[in-house]
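The values are calculated or read from the model by the stated rules, or taken from the named source; none is laboratory data. Only a predicted model underlies this, so the values are computations on that prediction, with no experimental measurement involved. Counting neighbours? That spans all protein chains shown, and the Cβs are built from the backbone with ideal geometry, glycine included.
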Amino acid sequence: METIAIIGGGFCGTMAAVNLARLASRPIRIVLINCARPVARGVAYGTSRPEHLLNVAARNMSAVPDHADHFVDWLRTRVDYSDIPDPQLREMFVPRRVYGDYLRSLLFNYLSPIDRHCPAQIELIEDEAIDIEPSPDGPVTVLLKSGEPIVANRVLLATGNQNPTPFLTNGKPLSHPAYFADPWQDWHSHLPVENANIIVLGTGLTMVDVFLTLTNLNWRGKLIAVSRNGKLPQSHFRGIDYPDFLPAEPEKLGLKKLVKLLEHHCAQLRRLGANPGIVVDRLRPHTQRIWQNFTAQEKREFLTKYATRWNVVRHRVAQPVHQLLTEAITDGNVQIVRGSIEQIAPDAGRLRVTIHENSGKTSHLEGALVINCTGPCAGLSETDIPLFKNLLKRGLIHTDELDMGIDVAPNFAVQDVSGNKSDVMFGIGPLMKGSLWETTAVPELRGQALRAAEILVDAAGVSAEQDYRMSVEQEHVLEYCI
Ligand SMILES: Cc1cc2nc3c(=O)[nH]c(=O)nc-3n(C[C@H](O)[C@H](O)[C@H](O)COP(=O)(O)OP(=O)(O)OC[C@H]3O[C@@H](n4cnc5c(N)ncnc54)[C@H](O)[C@@H]3O)c2cc1C
């Protein structure tokens, strides 16, 4: 019997495993290896806080591309949601922990199937994969930190994002009881007195999570959020009827012409009193192709000049959340500082944060808690993750041209240091950021998880005659209806 090992049990790994089990017509061993974050839930849906909401409406959160309403239908099975009228339920931004329950329940079906005839069962191993030993002609061996090695015919890398870049003091990662390098740690059990400040490094979606938790806990001190651009995520909004403005093949425009076109339409939308974010939504079905057609120089230019603006408009929060944050800023309970952090130094039980503000002035803030919400570390070549260090050393993977992730071919095959496509190792999810740019949210990732499973069952020779393959049109509609 073939063994498929999946490294990483967040959304991508879990849904790849579930789809493999759905697609397999004959026995196959699926081993899901996960550590550090709760299985199925991963980083995003591992929060236990009720105030942390999805930032995509329920209608577009199905985990399976071939059942567009699967998540909404699953919500209906829960008493909390069963009586909510359909139009309202579909537009809800439900707590992320509920979405984590959804993913967990999908996995549970195959971890402990009640149908004894199910050909594929998923085996969960809670351990860290630290290396993969190739063999010249056949299965590879996945080495684990503490358990027995796993011999596998194929391996899917679904390890998600790296942790945030550590803040260094004197060349070492900052360590202090008032400093939380990981925003998903339990910092809320250490809330300071209310005349103290909490300083958040970053002003994006994770900062918004911190703000919501403080609000929910009724903490009345001041939150100061610092980032170079000081930009907050935008709110979801209702679109307007706006004519199609993209040419038939927008990927052929190149960066310069594309920016000119988008800026023209943003200005036009502003004149109409509409949200220019519509432009980003219209581009979404084409984003991956546009990115793939950019030259390396264009990609670099996009990252330095436009990526911040793109991210702010692209990753939005629910409107009531945005309103709450705006009110807190107006009331002075939240302060946004534009600048870069120069130093974080211990000051008795607290931390003194030195900021070089964009205005040119240097300021010092005292934080009773400092939480790093700067987002995942971007570079892979300098990674300290054992698995990737070892795979890079072996030449089994190599970083994409921007060092944002690994080089992966369109069929998800990992490419080695010489550019050869692997028959054994595959990769999906945020690891493909450098190759695709847009590979972050469920609407893209669910398609990847299904397609990767199809490729793996085909390779194992256990695909059913009838499977769940989507037509191109279905796929298109599902991936991009935000
Ligand atoms: C806070 C947050 C909120 C989000 N909200 C939304 C939303 O509302 N809607 C939406 O569409 N998208 C959202 N996203 C984006 C998206 O859904 C997630 O990023 C997605 O869940 C990524 O899944 P993943 O499996 O690739 O990674 P992860 O969820 O990070 O899972 C990877 C798992 O692999 C484990 N792992 C890594 N390396 C190893 C190893 N060597 N051995 C064993 N295990 C390993 C990790 O510990 C982790 O458990 C959100 C993301 C975040 C961070």
Output for the stretch 239-255, where each listed residue is without any contact (Cβ under 8 Å) to a residue 40 or more places away in the chain and surrounded by fewer than 14 Cβ atoms within 10 Å (Cβ to Cβ): Ile240, Asp241, Pro243, Asp244, Pro247, Ala248, Glu249
Residue in the stretch 42-50 that is surrounded by fewer than 23 Cβ atoms within 10 Å (Cβ to Cβ), β-branched (Val, Ile, Thr), in contact with a helix residue (DSSP H, G or I) (Cβ under 7 Å, 6 or more places away or on another chain) and outside the structural domain of Trp187 (by TED's automatic domain parsing) present: yes
Count - residues of the stretch 424-452 that are touching a helix residue (DSSP H, G or I) at 6+ places or on another chain (Cβ under 6 Å), part of a loop (DSSP other than H, G, I, E, B) and more than 23 Å from Val151 (Cα to Cα): 3
Asp69 within 11 Å of the ligand (Cβ to nearest atom), surrounded by fewer than 19 Cβ atoms within 10 Å (Cβ to Cβ) and under 24 Å from the mean Cα position of the chain (by Cα): no
Filtered residues of the stretch 46-56 (kept if in a loop (DSSP other than H, G, I, E, B), within 8 Å of the ligand (Cβ to nearest atom) and in contact with a Lys or Arg (Cβ under 7 Å, 6 or more places away or on another chain)): Gly46, Thr47, His52, Leu54, Asn55
Hey, Gly147 in contact with a strand residue (DSSP E or B) (Cβ under 7 Å, 6 or more places away or on another chain), at pLDDT below 95 and closer than 30 Å to Gly379 by Cα or not: yes
Only listed residue being farther than 25 Å from Ala129 by Cα and either surrounded by fewer than 19 Cβ atoms within 10 Å (Cβ to Cβ) or not assigned by TED's automatic domain parsing to the domain that holds Ser135 (or both), chosen from Ser418, Ser381, Ser359: Ser359
Val142, sole failed condition from (1) near the ligand (Cβ under 10 Å from one of its atoms); (2) under 24 Å from the mean Cα position of the chain (by Cα): (2)
Residue list for the stretch 169-195, restricted to those being modelled with pLDDT of 90 or more and among the aliphatic types (A, V, I, L, M): Leu174, Ala178, Ala181, Leu191
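Conditions (1) touching a residue at least 40 places away in the same chain (Cβ under 8 Å); (2) surrounded by 15 or more Cβ atoms within 10 Å (Cβ to Cβ), marked per residue:
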| residue | (1), (2) |
| --- | --- |
| Tyr306 | yes, no |
| Ile336 | yes, yes |
| Glu342 | no, no |
| Ile355 | yes, yes |
Among the candidates Met15, Met1, residue that is more than 12 Å from the ligand (Cβ to nearest atom) and within 18 Å of Val155 (Cα to Cα): Met1
Strands (runs of 3 or more DSSP E) enclosed by the stretch 348-416 - at least 1 residues per element that are within 16 Å of the ligand (Cβ to nearest atom): 369-372, 413-415
Some residue of the stretch 122-134 being touching a Ser or Thr at 6+ places or on another chain (Cβ under 6 Å), without any contact (Cβ under 8 Å) to a residue 60 or more places away in the chain, at negative phi and within 16 Å of the ligand (Cβ to nearest atom): yes
Residues of the stretch 226-252 that turn out to be in contact with a Lys or Arg (Cβ under 9 Å, 6 or more places away or on another chain) and either within 15 Å of Val312 (Cα to Cα) or not hydroxyl-bearing (Ser, Thr, Tyr) (or both), as a count: 17
Top-ranked residue of the stretch 18-40 - restricted to ones that are more than 7 Å from the ligand (Cβ to nearest atom) and in a strand (DSSP E or B), ranked as nearest to Ile7 (Cα to Cα): Leu32
Single residue of Leu445, Leu431 found to be under 21 Å from Arg300 (Cα atoms) and near the ligand (Cβ under 10 Å from one of its atoms): Leu431
Meets criteria (within 21 Å of Gln448 (Cα to Cα) and not in a loop (DSSP other than H, G, I, E, B)) for Val43: no
Test result for Met425, within 16 Å of the ligand (Cβ to nearest atom) and free of Cβ contacts under 8 Å to residues at least 40 places away in the same chain: no
